[in-house]
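J.: First the structure, then my questions, so here it is.
Please treat every number below as a calculation from the coordinates, not as lab data. Quantities reported herein were computed from a predicted structural model and do not represent experimental measurements. All Cβ positions, glycine included, derive from the backbone under ideal geometry; neighbour counts span all protein chains shown.
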Amino acid sequence: MGTVRAVGDTARRLMGRAPPVTRQLGTGASRRPRSLSAGGSSHTAGVTVPGGERALCVSARSGLCWSCRAALSRAELFCPSCTSLQPPDHTKDYFQVLGCDKSFNVDIQELQKKYRNLQRLLHPDHFSQKSQNERDLSEKQSSLVNKAYGTLLSPLSRGLYLLSQHGITLEDGSDGVVDAQFLFEILEISEKLTEINGDAEIEEIGNVVQAKCEKLTEEVRNAFQQGNLKEVKILLAKMKYFSNIQNQVKKKILP
Ligand code: ZN
């Protein structure tokens, strides 16, 4: 009754601004799930390209170098004949941008290695003597690489991204996704956090929440492997609550 509503309200505050989404699971589940192994949804044509980049992206799509018109493979960042940097390929997903396997189970060390390598190749120093066009392209490529890396690095955003690749999103305020018992648990931790002030106690909560996130990450990994996207969505919703508590913990430790 009143208590459940209160929990819902607190949960909403923790999750962000949006109103409760009650039919969310239904909507997500009613979508036709795409094959987990296909990974091809973003290869298809008709990908939206932000305005202004249209002209530059034409050459990427047609597979010709914008500068010397040599034929290019999709994977190439630099033209093999004239060495010009090529425009971002917006048909690539973030895993392809970084050259990693499309999986929740991505090797983080490999991800970091690929990221550093790309940032080295795209470093502004290499483009200071180049044309304005190429300097612009290096900025665009670099920001795409940063965005891809930032998204794939943390289990929560990586999971949400993979889920969105299957047409399922997790809106803010999705307390309809998780059960009441879980919301009580979150409420309890959240209340405890507002009551305490000692660094040791705050850290203790931080450690508990960290452990919960690690366990959830393992569960998300399994659910993705089993192709159980409905379960993935529930687990990621829970992880999002804990992630918000982690942010509160950080704020309390570093005022
Ligand atoms: Zn070229």
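J.: Which of LYS130, LYS251, LYS240 has the fewest other C-beta atoms within 10 Å, and how do the rest follow up to the most? Write down the numbers at each step before the final one.
T.: Numbers: LYS130 15, LYS251 11, LYS240 23.
The most exposed by this proxy come first: LYS251, LYS130, LYS240.
J.: Using the beta-carbon distance between SER131 and LYS215 and R0 = 41 Å, what value does 1/(1 + (r/R0)^6) give for FRET efficiency, to the nearest 0.05?
T.: About 0.20, to the nearest 0.05.
J.: If packing is taken as the average count of other Cβ atoms within 10 Å, what order do 65-71, 220-226 fall into, highest mean first?
T.: Peptide ranking by packing, descending: 220-226, 65-71.
J.: For segment 140-147, in order, what is each residue's ³J(HN,Hα) by Karplus, 6.51 cos²θ - 1.76 cosθ + 1.60 with θ = phi - 60°, in whole Hz (x at glycine and Pro)?
T.: Using θ = phi - 60°, the values come out as 5, 4, 5, 6, 5, 4, 4, 5 Hz.
J.: Among the aspartates and glutamates, select those whose C-alpha is under 18 Å from the C-alpha of LYS230, and discard any that sit fewer than 8 residues away in the same chain.
T.: GLU171, ASP172, ASP175, ASP179, GLU218, GLU219
J.: Can you give me the relative contact order of segment 54-165 as a percent, contacts being Cα pairs under 8 Å and 6 or more apart?
T.: After rounding, I find 22 percent.
J.: Give the dimensionless ratio obtained when the Cα radius of gyration of segment 54-165 is divided by 2.2 N^0.38 Å.
T.: Here the Cα radius of gyration is 1.09 times the empirical estimate.
J.: If each residue's Cβ is checked for other Cβ atoms within 10 Å, how do HIS123, HIS166, HIS90 rank with the fewest at the top?
T.: So the ranking, lowest neighbour count to highest, is HIS123, HIS90, HIS166.
J.: Which of LEU156, LEU72 comes first, and how do the rest follow, when ranked by fewest Cβ neighbours within 10 Å?
T.: Fewest to most other Cβ atoms nearby, the residues stand as LEU156, LEU72.
J.: Kindly flag which residue pairs out of LYS113/LYS251; LYS140/LYS251; LYS147/LYS233; LYS92/LYS114; LYS102/LYS250 have an alpha-carbon separation exceeding 26 Å in this structure.
T.: Checking Cα-Cα distances, LYS113/LYS251; LYS140/LYS251; LYS102/LYS250 exceed 26 Å.
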